[in-house]
Every structure is written in C-alpha cells, then in structure tokens.
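Note sheet for the following structure.
The values are calculated or read from the model by the stated rules, or taken from the named source; none is laboratory data. This one's a predicted model, so the numbers in the text were calculated from it and none came from an experiment. Every residue, glycine as well, gets a Cβ built from its backbone with ideal geometry; the counts of neighbours run over all protein chains shown. Accessible surface is based on the protein model in full, side chains and every heavy atom, while ligands, DNA and RNA are left aside. Shrake-Rupley method; radii C 1.70, N 1.55, O 1.52, S 1.80 Å.
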Amino acid sequence: ARRPRVFSGIQPTADSFHLGNYLGAVRNWVAMQETSDAFYCVVDLHAITAGHDPAVLRNRTRLSVAQLLAVGLDPERCTLFVQSHVPEHAQLAWVLSCITGFGEAGRMVQFKDKSAKQGSDSASVGLFTYPILQAADILLYQADAVPVGEDQRQHLELTRDLAQRFNSRFGQTFTVPSVHIVKDTAKITDLQEPTVKMSKSASSPNGIIELLEDPARSAKKIKSAVTDTGREILYDEENKPGVSNLLTMYAALTARTIDELLEEYDGKGYGDLKKDLAEVVVDFVTPIQERTRAYLDDPGHLDKLLAIGADKARAVATATLDKAYRRVGF
Ligand code: ADP
Ligand code: NA
C-alpha cells in the first residue's frame, strides 16, 4: 500500500530550535520518515509576514535546515526543502486567496492574537493571509494528513474547507487532508515560568534550552530552573509544574518513562534530578551541535541537498498547480 503523504513546515524565525520545538514537533518528523511519504519544508515565505532582516533570515533558513539534518532528517527518506525554492507555493496561494472569504480569513484567531500584539495597523496583509499560504503548502503536495498541534486546528479546517470548495466549484483537484492532532508529543514549558510553554518569545532567555547554545549554558539553566514548593519529586502538572516539566524532558530524552524516573528519584532531591537532567541534555545536544556545524561548514553540500529537495518537491507541486490552473481557466 502507498504510504500516507504528510506535509509539515517550520518557520526559520530563530537561530536555534529550542527543546520544545524538538520534542514537540521535529522529533516526530524524524519518526514519520519511516511510516510516511513525508514532505518537510522550512517555510521562509511565512517568516517574512511579521518583519525581518534579510541577512538574518537567509542565515536562519540554513541554520534550520542544518539542524533538521543534524537531528535525523534523511534526504533519502523524506523530501526536505525550502519554501521559496518552490514558487508554486505563492502561485497556488493566490488562487486560493480568491476563493477565501474576507470574513472567513478574518475569523482566524492566530491573526487576531498576533496582530493585536503588533498593533492592528502595523500588521501586514501577509500576516492576514498567512493561513491561505499554509493551505497552499499542504494542498500542493496532495497531503493525506497534516500532523499539527492543537493551536493549528483552525488553520487546518480552513485548508480542508478551501480544498472542498475548490473541488466542488472547479472539479476534483485536491486531496482533502485529515487533521492529525499530535497528542502524544511532549509539551515542554518554560524553565523560569513553568506554567507557560517554552517559546522563542520567552520573557527570559533562561527559560528556554536552545539546541545550538553552549551546552554549559543549558546545564546552568536547568540547574537554576524554577522548581516548586515542597521537596518531593512528584509528577503533578497542576501543583508541581516545574518538577513535572523537568521529568517530561528527562523521560523524552532517555529510554526511561516518567514512572521509572519517579521510582529512581524517590527520596532524592530536586538538585539530584536537575544535575542528572543537565547531563542528559548536554549529552543530547553535543553531537547535534557537531553535526549541525559539519553541515554549515560545507555549504556546497547543503546547497546540493536543498536543490535535490526542491526538485523532488517541484515534481509534485508543478503537477498540482498545472491541474489547478487548468481548472480555473488559465
Ligand atoms: P515558538 O513557540 O517558539 O514560536 P513555533 O510556534 O515556531 O515555536 O513552533 C514550532 C513547532 O514547535 C510547532 O509545531 C509547535 O507546536 C512546536 N512547539 C513549540 N513550542 C513547543 C513547546 N514548548 N512544547 C512542545 N512543542 C512546541
Ligand atoms: Na522515555
């Protein structure tokens, strides 16, 4: 049987992925290479919707690709490419924008949140139409499923609506993707504010573990993570969010389960847990950093891998766009 086609994208909006990105998303990408016909995209078109610096963006795109390869994406087993290398994304987005209602787009909660932060007058039209570009990303590849977090559900529903609308108005063209809400991935929280998710927009740089930061710095951050009152090591997200987060990271990065860790740390203190987790994190990021550096130190090789990825992606994308263009009368 044909493997299900999946599409997933990640924005190059930071120099380094953080542990939340890895444990919550990218690690699953690596696993899906084995079970799916996976298309993975560094979505640089999306990254210019909220203001950016060109040289920084270019560098972050390469850093993102190098990190994805370093954590285990294998260009032989998936299609890894950069969105701007495949012009069909923007071309299909235009067509889809013409079948999207203005009010429908205006109901997207993420735009409301992000534009409220920026001040609605300074938010770009690109930020407003971002979910339409996202729909194009997915539909171009005829993806059967899109693995996303709960926060992306509304955008995925729009994608499905647009696919169905296009198909019924112009004839069968797009696979209507199923929403695959990834539930079993770890939700990692901020080390300094353990009730909010670890995010690049963290209020303190000490709240996030970056894959590419000095491992000694990561160790220090873990040792100074906010823990909870009491001394017992328990898994209790409500009352002990700090300790629970450390346990979640620890279990996710090792072969141990949380229950095994609870047994192992029974009678021990927060300090012991932090010291050991710091070591686990250092051992995890060190080889990733070495591999990332190796990819970055050989730009010709990286370019070649990206050219191969773009060719594989375009083979599918051009076929879909041609069909969609013919359907609409071009
Ligand atoms: P950020 O919140 O740092 O801006 P993004 O929104 O760019 O991260 O998320 C990129 C991917 O990483 C998404 O799939 C998202 O669900 C996942 N992700 C981000 N932060 C976390 C976290 N703290 N725990 C689990 N997954 C996360
Ligand atoms: Na584990």
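Any residue at all in segment 256-271 that's within 14 Å of ligand 2 (Cβ to nearest atom), of a type in the set (Ser, Thr, Tyr) and without any contact (Cβ under 8 Å) to a residue 12 or more places away in the chain? There is at least one residue in segment 256-271 that is within 14 Å of ligand 2 (Cβ to nearest atom), of a type in the set (Ser, Thr, Tyr) and without any contact (Cβ under 8 Å) to a residue 12 or more places away in the chain. Applying the criterion of being without any contact (Cβ under 8 Å) to a residue 24 or more places away in the chain and over 23 Å from Glu213 (Cα atoms) to the residues of segment 52-92, the residue that is surrounded by the fewest Cβ atoms within 10 Å (Cβ to Cβ) is Glu76. Each residue in segment 155-187 was checked for being farther than 14 Å from Ile99 by Cβ and either more than 16 Å from ligand 2 (Cβ to nearest atom) or at pLDDT 95 or above (or both), and 13 pass. Within the option set Leu191, Leu234, being away from ligand 2 (no atom under 15 Å from the Cβ), among the aliphatic types (A, V, I, L, M), open to solvent by less than 30 Å² (accessible area, probe 1.4 Å) and in a loop (DSSP other than H, G, I, E, B) holds for one residue only, Leu191.
Of all residues in segment 26-41, those satisfying the criterion of being open to solvent by less than 40 Å² (accessible area, probe 1.4 Å), more than 16 Å from ligand 2 (Cβ to nearest atom) and not in a strand (DSSP E or B) are Val26, Trp29, Met32, Gln33, Ser36.
Quick one: in segment 203-217, which of the residues that are part of a loop (DSSP other than H, G, I, E, B) and closer than 19 Å to Val243 by Cα is nearest to ligand 2 (Cβ to nearest atom)? Can you show your working first?
First pass over segment 203-217, keeping only residues part of a loop (DSSP other than H, G, I, E, B): 203-204, 208-209, 211-214.
Pick out the ones that are also closer than 19 Å to Val243 by Cα and you get 204, 208-209.
Numbers: Ser204: 27, Ile208: 21, Ile209: 17 Å.
Ranking the candidates gives Ile209 first.
Taken residue by residue, segment 8-25 has no member that is more than 14 Å from ligand 1 (Cβ to nearest atom), hydrophobic (A, V, I, L, M, F, W, C) and open to solvent by 10 Å² or more (accessible area, probe 1.4 Å).
Which residues, counting only those in segment 218-231, are among the polar types (S, T, N, Q) and assigned to a loop (DSSP other than H, G, I, E, B)?
Residues of segment 218-231 among the polar types (S, T, N, Q): 218, 224, 227, 229.
Of everything in segment 218-231, those that are among the polar types (S, T, N, Q) and assigned to a loop (DSSP other than H, G, I, E, B) turn out to be Ser224, Thr227, Thr229.
Of the listed requirements (1) open to solvent by less than 40 Å² (accessible area, probe 1.4 Å); (2) in contact with a helix residue (DSSP H, G or I) (Cβ under 8 Å, 6 or more places away or on another chain); (3) among the aliphatic types (A, V, I, L, M), Ala202 misses just one: (2). Report yes if Asn28 is in contact with a Ser or Thr (Cβ under 7 Å, 6 or more places away or on another chain) and among the polar types (S, T, N, Q), otherwise no. Spelling it out, Asn28 is indeed in contact with a Ser or Thr (Cβ under 7 Å, 6 or more places away or on another chain) and among the polar types (S, T, N, Q). When the criteria are applied in full, Ala252 meets the requirement of being within 16 Å of ligand 1 (Cβ to nearest atom), part of a helix (DSSP H, G or I) and either open to solvent by less than 50 Å² (accessible area, probe 1.4 Å) or free of Cβ contacts under 8 Å to residues at least 24 places away in the same chain (or both).
Please determine whether any residue of segment 282-305 is within 16 Å of ligand 2 (Cβ to nearest atom), β-branched (Val, Ile, Thr), part of a helix (DSSP H, G or I) and modelled with pLDDT of 95 or more. Scanning segment 282-305 turns up no residue that is within 16 Å of ligand 2 (Cβ to nearest atom), β-branched (Val, Ile, Thr), part of a helix (DSSP H, G or I) and modelled with pLDDT of 95 or more.
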